[in-house]
Each structure stands twice: as C-alpha cells, then as structure tokens.
Amino acid sequence: MSIAEFEAFVRDYPRPLEVRPLLRQQANYREWVDAALGKWPGNAVAKCWKRGGCLGYQIRLDLVLKV
C-alpha cells in the first residue's frame, strides 16, 4: 500500500473519522476511528506509524472490501 492509497481511503471514507492523537499533536503513531463501529479498539479503521526512517500504513481489510 502506498501513502497515496492510504490518504485516499481516509479522505473518501463514507463517515466522519476521529483522529487519535489529534493531527496538531506530534506523534509517531496515529489512528483513525469510526464511532459508528462501536468502542475502541474495534472501531479503528486505519493506522499509520513511523519508526526510525520507516513508515507503515494499515487499513482494516474488511472495510477495504466494503468501501
């Protein structure tokens, strides 16, 4: 998965997403959650992280198949 695919998924997601921690906060890890899917951690739809010089992106497979 590329950063462009990840950003397109988050941008085109059909419902509003909450970002944790907030984008204005500096963090090595971010998670996008959909409150309509219940409580955390089950409502996390996408994650990204940075470790050293490596970036990682993850989208829930069951949601990729539905969207």
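The values are calculated or read from the model by the stated rules, or taken from the named source; none is laboratory data. Keep in mind the model is a prediction, meaning the values are calculated, not measured. Glycine also receives a Cβ, built like all others from the backbone with ideal geometry; neighbour counts cover every protein chain displayed. Each accessible area value is taken on the protein alone, full model and side chains, heavy atoms only, with ligands, DNA and RNA left out. Shrake-Rupley method; radii C 1.70, N 1.55, O 1.52, S 1.80 Å.
Just a few scattered comments:
- Taking region 13-57 as the range and being in contact (Cβ under 8 Å) with a residue 24 or more places away in the chain and within 12 Å of the chain's Cα centre (by Cα) as the test, the residues that pass are TYR13, LEU17, VAL45, ALA46, CYS48, TYR57.
- Against the numbered list (1) exposed (fewer than 12 other Cβ atoms within 10 Å of the Cβ); (2) at pLDDT below 90; (3) not charged (D, E, K, R), VAL64 comes up short only at (1).
- SER2 meets each of the listed conditions (1) at pLDDT below 90; (2) of a type in the set (S, T, N, Q); (3) open to solvent by 60 Å² or more (accessible area, probe 1.4 Å) apart from (3).
- Any hit, region 44-53, residues being modelled with pLDDT under 90 and either open to solvent by less than 90 Å² (accessible area, probe 1.4 Å) or part of a helix (DSSP H, G or I) (or both): yes
- Those residues of region 5-43 which are of a type in the set (A, V, I, L, M, F, W, C), open to solvent by less than 80 Å² (accessible area, probe 1.4 Å) and assigned to a loop (DSSP other than H, G, I, E, B), in sequence order: LEU17, LEU22, ALA27
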